[in-house]
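**Student:** Before anything else, here's the structure in question.
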Amino acid sequence: MMTNLFSVFDPSTNIFNFSFNWTSTYLGLIFIPFMFWIFPNRINIIWNLILNSLHKEFKTLMGPGGHPGSSVLFISLFSFVLFNNFLGLFPYIFTSTSHLIFTLSLALPLWLSFMLYGWFNHTQHMFAHLVPQGTPSALMPFMVCIETISNMIRPGTLAVRLAANMIAGHLLLTLLGSTGTSLPNKFLMLLIITQILLLTLEAAVAMIQSYVFAVLSTLYSSEVN
């Protein structure tokens, strides 16, 4: 019996006190069809089209000051988060992206590296970001405080946004699924249809959230150039 609603997301499988559930993060390589590795094929062509579109968009977001090849980092980040989001939709597979320890471990090093690079190499540019253009002189001290706080909470908002969106849909699916045994037979078909629709919505959320995570990371990096 569950003592806590969120306990369904807790790591439960362990070997030698090591949380075995976290190995689900690497299951994407196993689930990729064998045909994907044979070139050319339809899956590979579609995936290359997606990556090329992302590459063009990330290059535009980073602007002319972006370093050549840096879009590869954000495309890899998008692919990694997307695989883990989708894996969480399979039954009995641990959803790593619904945990802050996973999302923060992605967002915090990225943000910290951007900040260190910006303050060491473009100090004047970073100071200019603290005061938006056209701010009255009387409001400048307050704007510096507000901009500093908003900058410091960026890794937290990145991590919480991804984890909260992934955990919300999974919670709803779990709650509806647990009521199936107590429902009359005439309502079971309605429950199944609702679950299928929610699963489709969760698949869309998995794609959107991985895209949002990568795009926001790209925007944060463009501000330090």
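The values are calculated or read from the model by the stated rules, or taken from the named source; none is laboratory data. The model shown is predicted, which means the values in this text are computed figures rather than measured ones. So basically every Cβ, Gly included, is an ideal-geometry build from the backbone, and we count neighbours across all protein chains shown.
**Student:** Being of a type in the set (Val, Ile, Thr) and surrounded by fewer than 21 Cβ atoms within 10 Å (Cβ to Cβ) is the filter; apply it to the stretch 76-123 and report the residue that is modelled with the highest pLDDT.
**Tutor:** Ile101
**Student:** Filter the stretch 147-172 down to the residues that are hydrophobic (A, V, I, L, M, F, W, C), buried (at least 18 other Cβ atoms within 10 Å of the Cβ) and over 23 Å from His129 (Cβ atoms) and list them by number.
**Tutor:** Matches in the stretch 147-172: Leu162, Ala163, Met166, Ile167.
**Student:** Right, something else. Taking the options Glu202, Glu147, name whichever one is under 30 Å from Leu112 (Cα atoms) and of a type outside the set (Ser, Thr, Tyr).
**Tutor:** Checking each option against the conditions leaves just Glu147.
**Student:** Would you pick out the residues in the stretch 196-225 that are in contact (Cβ under 8 Å) with a residue 12 or more places away in the chain and not hydrophobic (A, V, I, L, M, F, W, C)?
**Tutor:** Glu202, Gln209, Ser210, Tyr211, Ser217, Thr218, Tyr220, Ser221, Ser222, Glu223, Asn225
**Student:** To continue, here is another question. Of the numbered conditions (1) assigned to a helix (DSSP H, G or I); (2) in contact (Cβ under 8 Å) with a residue 24 or more places away in the chain, Leu191 fails exactly one; give the number of that condition.
**Tutor:** Result: Leu191 fails condition (2) only.
**Student:** If you don't mind, there's one more thing I want to ask. Check every one of the helices (runs of 4 or more DSSP H) wholly within the stretch 98-160 and list those with 1 or more residues that are touching a residue at least 24 places away in the same chain (Cβ under 8 Å), within 26 Å of Ser71 (Cα to Cα) and touching a Pro at 6+ places or on another chain (Cβ under 7 Å).
**Tutor:** 100-121
**Student:** Can I ask one more? Output the residues belonging to the stretch 179-200 that are of a type in the set (Gly, Ala, Ser) and surrounded by 12 or more Cβ atoms within 10 Å (Cβ to Cβ). Quick ask: steps written out before the conclusion?
**Tutor:** Residues of the stretch 179-200 that are of a type in the set (Gly, Ala, Ser), as a first pass: 180, 182.
Passing the criteria: only Gly180.
**Student:** With the checklist (1) over 16 Å from the mean Cα position of the chain (by Cα); (2) assigned to a loop (DSSP other than H, G, I, E, B); (3) in contact (Cβ under 8 Å) with a residue 24 or more places away in the chain in hand, flag the one item Phe94 doesn't pass.
**Tutor:** Here Phe94 clears every test but (1).
**Student:** Kindly indicate which of Ala203, Ala138, Ala159 is out of contact with any strand residue (DSSP E or B) (no Cβ under 6 Å at 6 or more places or on another chain) and closer than 20 Å to Ser105 by Cβ.
**Tutor:** Ala159
**Student:** Show the residue pairs meeting these rules: Cβ distance below 6 Å; 6+ apart or different chains; first residue within the stretch 71-82 and at negative phi; second residue part of a helix (DSSP H, G or I) and aliphatic (A, V, I, L, M).
**Tutor:** The qualifying pairs are Phe74/Ala214; Ile75/Leu51; Ile75/Leu54; Leu77/Ala214; Phe78/Ala214.
**Student:** May I ask you to say which residue of Asn165, Asn185 is out of contact with any strand residue (DSSP E or B) (no Cβ under 8 Å at 6 or more places or on another chain), of a type outside the set (D, E, K, R) and at pLDDT 85 or above? Step through it out loud before you land on a result.
**Tutor:** On the way: Asn185 fails: at pLDDT 85 or above.
Only one candidate qualifies: Asn165.
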